[in-house]
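Heads up: the structure comes next, in structure tokens.
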Amino acid sequence: MIPVSPEGVRRSSRLPKEIGILLVGSDTEGKVFSEETKTVLLSRHGAGIVSHYKLSAEQELILRRLDTNKETEVRVVGQIGVESDIYTYGVAFLDSTNNFWGISFPQPSDAEKRANVTLLECSSCKAREAVEHSDLEVDVYLVNEGIVRFCKHCGSSTLWKRSSEDTEEVPVAVEVAQAPVAVPAALEVAPMPVAASAPAARPESRRKHVRTKVSFKACVRSFAHGDDIVTCEDISRGGLRFRSRKPYTEKFKVEVAAPYSAGAQNIFVPAEVVHVLELKEQRMFRCGVAYLRNS
């Protein structure tokens, strides 16, 4: 069930496609996870993904493609389905200019842009805003009859619904004869979770590379120290930070696999040590590494 344009012709703004991905983040209980999963559809603005973890709208994750090892930061737009313990979410890129999928999606027509503008009302303070939705946001809105977004008056993320003053029709959901989205059968719609603790800052103030606290093993490979199994403390799109007993130096070239599982097929990424702090009491070193994107 996918919205169509008022012209009655669905443009291919969403592409049903499965791509293996790695998600790194935390669930609604604050538990940090690293999960190999897949997409069920692709969009210029993000993707539809499946996960075994319960996630909250507006939270941020790191998404890595397993085929190209490219990473990007995404925001959970909302939940669009659930079957047993498998949840389907719409996620949007924080960097909307990055052609992460390497696919040329058709540009929406002016009529489609106008159709996606809706007057929404905050369920908490009743503030109203005219909002232009992306295709993923339209999907989440139609499924949940509302969407979680930041309210500048409340200073937190709240549930927004269509205002009674908006007399224009909301795009209707119709069955599409083209290739169906590969979402699990007998999908039941579940209420969209609202983040337990609202973000203090507006979405526009998000840092360039969001750091996610983690606590899993990584492998740092180098000619000097061989395969060094270390504890990873946090990870971002641009790199990671770890603790090791080996003495690394700045500008030292390494290869990193994070997370790392012994005996599994791990992916190593070229990186460079950019910061080293000696933890004398622990007899360890805390190192920051940056991925070498152009290698």
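The values are calculated or read from the model by the stated rules, or taken from the named source; none is laboratory data. All values derive from a computational prediction rather than experimental measurement. Every residue, glycine among them, receives a Cβ derived from its backbone with ideal geometry; neighbour counts consider all protein chains shown.
Odds and ends about this structure:
- Those strands (runs of 3 or more DSSP E) lying entirely in the stretch 7-62 with at least 3 residues within 23 Å of Gln107 (Cα to Cα) and modelled with pLDDT of 90 or more: 32-43, 46-51
- Subset of the stretch 82-92 that is modelled with pLDDT of 85 or more and among the small types (Gly, Ala, Ser) - its residue that is surrounded by the most Cβ atoms within 10 Å (Cβ to Cβ): Gly90
- Any hit, the stretch 55-65, residues being of a type in the set (Asp, Glu), on the phi > 0 side of the Ramachandran plot and either surrounded by fewer than 18 Cβ atoms within 10 Å (Cβ to Cβ) or not assigned by TED's automatic domain parsing to the domain that holds Gly25 (or both): no
- For the stretch 63-75, the set of residues classified as assigned to a strand (DSSP E or B) and hydrophobic (A, V, I, L, M, F, W, C) consists of Leu63, Val74, listed by residue number.
- Scope the stretch 93-114; condition crowded, with 17+ Cβ neighbours inside 10 Å and either at pLDDT 85 or above or part of a loop (DSSP other than H, G, I, E, B) (or both); matching residues: Phe93, Leu94, Phe100, Trp101, Phe105, Pro108
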